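Take a look at the structure below.
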Amino acid sequence: MGKGFFHVPTAINEPVKSYAPGTPEREEVLKQYKAFYDSEVDIPLYIGSEEIRTGNTRPMSPPHDHKHILGHYHLAEKTHVEQAIANCLEAREAWADLTWEQRCAIFLKAAELIAGPYRQKMNAATMLAQSKNIYQAEIDSACEIVDFLRFNVEYMAQIYGEQPESSEGVWNRVEYRPLEGFVYAITPFNFTAIAGNLPASAAMMGNVVVWKPSDSQIYSAKVIVDVFKEAGLPDGVINVVYGDPVMISDTVLDSPDFTGIHFTGSTTVFKNLWKQIGNNIHKYKTYPRIVGETGGKDFIIAHPTAKPQQVATAISRGAFEFQGQKCSAASRVYLPKSTADEILELVKKDIASFNKPGSPEDMGNFITAVIHEGSFDKLAKYIDKAKADDNAEIIAGGNYDKSEGYFIEPTVILTTDPQYETMYTELFGPVVTVYVYEDKDWGETLKLVDGTSEYGLTGAVLSGDRYSIDEATKALQNAAGNFYINDKPTGAVVGQQPFGGARASGTNDKAGSMQNLLRWVSPRLIKETFVTPEDYRYPFLG
Ligand code: NAD
């Protein structure tokens with residue numbers, strides 16, 4: 001412990017820059033984009049103090065321009081994963097013993113580096129790697145990751161301040177020990193902020209980490225590594241490996257020192273990892289913490305009293321921003337018959353006003369490409385099926401083209417079957433399915449919303465009637481971990497709307513909250529007695 005009860009700086013959300021024409025930030029990010037685009041990067045594994053180049057490489061390309069090569073990354077073999085674990089364990093003692101304010105300072109410095117000198121590197125890398133338009137990049141790879149780092153420092157200080165009562169002659173205190181081993185962070189492609197936060201939140205609490213980023217996000221993950229290095233994160237605290245996810249996970253989960261998994265990604269992968277951890281449970285020195293935020297089938301339900309223009313905007317933004325590749329993206333919509341036509345006409349008008357999907361370098365583009373060919377092919381298959389099915393109809397979009405980039409038009413499927421496949425399957429793309437209900441069936445439709453999908457991540461109700469809002473809030477209590485009233489179901493802000501859902505959507509440990517950080521510590525209660533008893537006899541013994 002340091003020599004003082006230090007107050008950490010009050011966390012504030014990083015302001016979102018506008019990137020409007022003529023602003024300096026717009027010019028800076030476009031310059032950085034071009035510089036990255038015109039050069040090739042060679043990304044090693046980061047293990048301990050070493051940058052390892054195995055020579056077995058894979059190319060990286062922008063999803064909107066897949067013939068262009070941005071560089072290569074090196075694939076790990078089993079020995080590298082073992083080396084990463086060994087480096088974690090070697091670094092563990094010094095890192096866990098470092099006074100907490102020193103750990104805070106490293107991550108606060110990382111936040112300021114991203115908010116300042118690294119901002120446009122983070123954004124340009126995210127535009128290229130994940131095909132985000134500048135606004136989507138800014139709210140993710142600049143603001144959200146800065147918020148995660150700043151707010152988590154504040155939550156950490158709050159946790160350390162959480163202490164038990166003491167009685168006369170006794171001092172009770174709790175120390176929040178890092179877990180006894182190493183943490184495995186597995187991150188998804190869709191948020192650079194999540195990629196940085198999963199290893200950083202565990203490391204901030206004194207843990208050492210093996211981090212496996214998504215193959216589709218390594219380009220922007222490298223900028224995070226650069227930031228952490230410049231912020232002074234000691235070697236071996238976060239070790240980064242890429243390659244065959246099954247081999248990497250098998251190796252990590254086989255280690256007796258594995259002590260927790262911090263995962264964000266799809267439900268099936270997480271469930272299989274959980275099963276594997278269960279099968280290996282006798283190997284581990286301690287019960288591992290299992291934290292996973294997974295898939296969603298997020299809904300919008302409009303009451304007949306909702307304003308059509310507001311519902312249409314919630315759909316256009318909620319379903320199509322970042323090509324529907326947010327775990328919170330609206331992908332099933334329930335509209336009342338009395339206003340459905342008007343709402344859908346407004347949505348079609350919005351879609352018609354988007355530019356054709358294209359590169360994020362063209363700042364007029366609201367919609368860019370989906371992440372990779374696998375995703376493109378899957379989405380195209382569902383669109384084709386909707387075209388052929390009698391109980392579904394495509395009322396907007398429906399075209400796709402992968403000749404240059406993985407472009408899928410924002411698509412609206414209208415179905416007459418509330419159990420149609422795309423009403424419950426997570427597609428993770430710019431495709432939303434709409435079901436129109438009879439106004440009188442509002443109550444029944446709430447049950448339908450609650451029971452149609454296995455997920456429980458986000459959802460929104462739009463209504464002008466307070467009784468119906470109350471009814472929906474109660475009926476959908478378990479249908480969403482993040483529930484929105486008269487808004488779209490996306491856009492959670494760290495420190496304001498802690499994020500996560502239950503059912504098949506995850507363990508709901510709320511990223512960017514105190515609850516999440518508590519998973520990465522193991523409290524030790526220390527009771528100290530000042531005058532130690534010297535006679536075993538209690539008074540009642542006479
Ligand atoms: P994904 O499951 O394909 O990949 C996530 C990570 O798991 C990647 O690093 C990947 O390499 C790794 N992985 C894949 N197969 C693996 C295996 N067999 N063993 C071990 N690791 C494996 O997910 P994605 O496509 O990167 O991300 C999209 C998914 O993430 C969606 O389902 C989305 O809903 C979910 N997501 C959820 C949240 C949330 O907060 N609930 C946030 C972001 C994304």
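The values are calculated or read from the model by the stated rules, or taken from the named source; none is laboratory data. Here the structure is a predicted model, which means the values were calculated and not measured. So basically every Cβ, Gly included, is an ideal-geometry build from the backbone, and we count neighbours across all protein chains shown.
Just for strands (runs of 3 or more DSSP E) wholly inside region 372-460: which have at least 1 residues that are within 16 Å of the ligand (Cβ to nearest atom) and modelled with pLDDT of 95 or more?
Here the list reads 431-437.
Would you tally the residues in region 11-40 being touching a strand residue (DSSP E or B) at 6+ places or on another chain (Cβ under 6 Å) and either under 27 Å from GLY495 (Cβ atoms) or β-branched (Val, Ile, Thr) (or both)?
0
Residues to consider are GLY318, GLY324, GLY260; find the one that is touching a strand residue (DSSP E or B) at 6+ places or on another chain (Cβ under 6 Å) and assigned by TED's automatic domain parsing to the domain that holds GLU454.
GLY318
Hey, can you tell me all the residues within region 497-532 that are of a type in the set (Ser, Thr, Tyr), within 14 Å of the ligand (Cβ to nearest atom) and more than 22 Å from GLU162 (Cα to Cα)?
SER505, THR507 - these are the residues of region 497-532 that are of a type in the set (Ser, Thr, Tyr), within 14 Å of the ligand (Cβ to nearest atom) and more than 22 Å from GLU162 (Cα to Cα).
With respect to the numbered conditions (1) closer than 28 Å to GLY397 by Cα; (2) surrounded by fewer than 17 Cβ atoms within 10 Å (Cβ to Cβ), which one is the sole condition not fulfilled by THR458?
(2)
Picking from ILE281, ILE290, ILE277, which residue would you name as being more than 16 Å from the ligand (Cβ to nearest atom) and not charged (D, E, K, R)?
Among ILE281, ILE290, ILE277, only ILE281 is more than 16 Å from the ligand (Cβ to nearest atom) and not charged (D, E, K, R).
At least 1 residues that are among the charged types (D, E, K, R) and within 17 Å of GLY236 (Cβ to Cβ) in each: list the strands (runs of 3 or more DSSP E) lying fully within region 48-127 that qualify.
Of the strands (runs of 3 or more DSSP E) lying wholly inside region 48-127, those with at least 1 residues that are among the charged types (D, E, K, R) and within 17 Å of GLY236 (Cβ to Cβ) span 50-52.
How many residues, within region 154-178, are among the hydroxyl-bearing types (Ser, Thr, Tyr) and loosely packed, with under 13 Cβ neighbours inside 10 Å?
Initial filter on region 154-178 (among the hydroxyl-bearing types (Ser, Thr, Tyr)): 155, 160, 166-167, 176.
The next check asks that each one be loosely packed, with under 13 Cβ neighbours inside 10 Å; those that pass are 166-167.
Residues meeting the conditions: 2.
Which one of ASP38, ASP65, ASP42 is over 30 Å from GLY512 (Cβ atoms), surrounded by 17 or more Cβ atoms within 10 Å (Cβ to Cβ) and of a type outside the set (Gly, Ala, Ser)?
Step by step, each of ASP38, ASP65, ASP42 is checked, and only ASP65 is over 30 Å from GLY512 (Cβ atoms), surrounded by 17 or more Cβ atoms within 10 Å (Cβ to Cβ) and of a type outside the set (Gly, Ala, Ser).
Name the single residue that is nearest to the chain's Cα centre (by Cα) among those in region 179-208 being more than 14 Å from the ligand (Cβ to nearest atom), crowded, with 24+ Cβ neighbours inside 10 Å and not in a helix (DSSP H, G or I).
That would be VAL183.
Just name the residue that is surrounded by the fewest Cβ atoms within 10 Å (Cβ to Cβ) out of those in region 504-531 that are of a type in the set (S, T, N, Q) and in a strand (DSSP E or B). Show your work before the answer.
Initial filter on region 504-531 (of a type in the set (S, T, N, Q)): 505, 507-508, 513, 515-516, 522, 529.
From the residues that got through so far, the ones that are in a strand (DSSP E or B) too are 522, 529.
Details: SER522: 18, THR529: 10.
If we take residues in region 504-531 being of a type in the set (S, T, N, Q) and in a strand (DSSP E or B), then THR529 is surrounded by the fewest Cβ atoms within 10 Å (Cβ to Cβ).
In region 146-158, is there at least one residue being modelled with pLDDT of 95 or more, more than 15 Å from the ligand (Cβ to nearest atom) and touching a His at 6+ places or on another chain (Cβ under 8 Å)?
There is at least one residue in region 146-158 that is modelled with pLDDT of 95 or more, more than 15 Å from the ligand (Cβ to nearest atom) and touching a His at 6+ places or on another chain (Cβ under 8 Å).
Cβ-Cβ below 6 Å, separation at least six or inter-chain, first residue in region 225-246 and of a type in the set (Ser, Thr, Tyr), second within 15 Å of the ligand (Cβ to nearest atom) and not in a loop (DSSP other than H, G, I, E, B): which pairs?
From region 225-246, the pairs are TYR242/TYR73; TYR242/ILE218.
Has region 234-244 got any residue that is crowded, with 23+ Cβ neighbours inside 10 Å and part of a helix (DSSP H, G or I)? Walk me through it before giving the result.
Applying the first criterion (crowded, with 23+ Cβ neighbours inside 10 Å) to region 234-244 yields 236-242.
Filter once more, so that each one left must be part of a helix (DSSP H, G or I): none.
Checked region 234-244: no residue is crowded, with 23+ Cβ neighbours inside 10 Å and part of a helix (DSSP H, G or I).
Out of ASP215, ASP226, I need the residue that is closer than 21 Å to PHE189 by Cβ and within 15 Å of the ligand (Cβ to nearest atom). Which one?
Only one candidate qualifies: ASP215.
On the given criteria, is SER18 without any contact (Cβ under 8 Å) to a residue 12 or more places away in the chain and within 23 Å of PHE189 (Cβ to Cβ)?
no
I'd like the full set of residues that are free of Cβ contacts under 8 Å to residues at least 24 places away in the same chain and either within 16 Å of the ligand (Cβ to nearest atom) or over 19 Å from GLN515 (Cβ atoms) (or both), limited to region 160-178.
Within region 160-178, GLU165, SER166, SER167, GLU168 qualify.
Output the number of the condition that GLN83 fails; it satisfies all remaining conditions of (1) among the polar types (S, T, N, Q); (2) closer than 30 Å to ARG26 by Cβ; (3) out of contact with any Ser or Thr (no Cβ under 6 Å at 6 or more places or on another chain).
For GLN83, the exception is condition (2).
Specify which of the listed residues (ASP147, ASP215, ASP226) is touching an Asp or Glu at 6+ places or on another chain (Cβ under 7 Å), charged (D, E, K, R) and not assigned by TED's automatic domain parsing to the domain that holds CYS327.
ASP147 is the lone residue from the list that is touching an Asp or Glu at 6+ places or on another chain (Cβ under 7 Å), charged (D, E, K, R) and not assigned by TED's automatic domain parsing to the domain that holds CYS327.
Tally time: how many residues in region 40-53 are farther than 9 Å from TYR73 by Cα and touching a residue at least 24 places away in the same chain (Cβ under 8 Å)?
So the answer is 6.
Can you name the residue in region 109-121 that is out of contact with any Gly (no Cβ under 9 Å at 6 or more places or on another chain) and surrounded by 20 or more Cβ atoms within 10 Å (Cβ to Cβ) and, of all such residues, is farthest from ASN13 (Cα to Cα)? Break it down stepwise before answering.
The first filter runs over region 109-121 and keeps only residues out of contact with any Gly (no Cβ under 9 Å at 6 or more places or on another chain), leaving 111-113, 115-121.
Those left that are additionally surrounded by 20 or more Cβ atoms within 10 Å (Cβ to Cβ): 111, 113, 118-121.
Details: ALA111: 11, LEU113: 15, TYR118: 17, ARG119: 15, GLN120: 18, LYS121: 20 Å.
Step by step, filter region 109-121, then rank; the result is LYS121.
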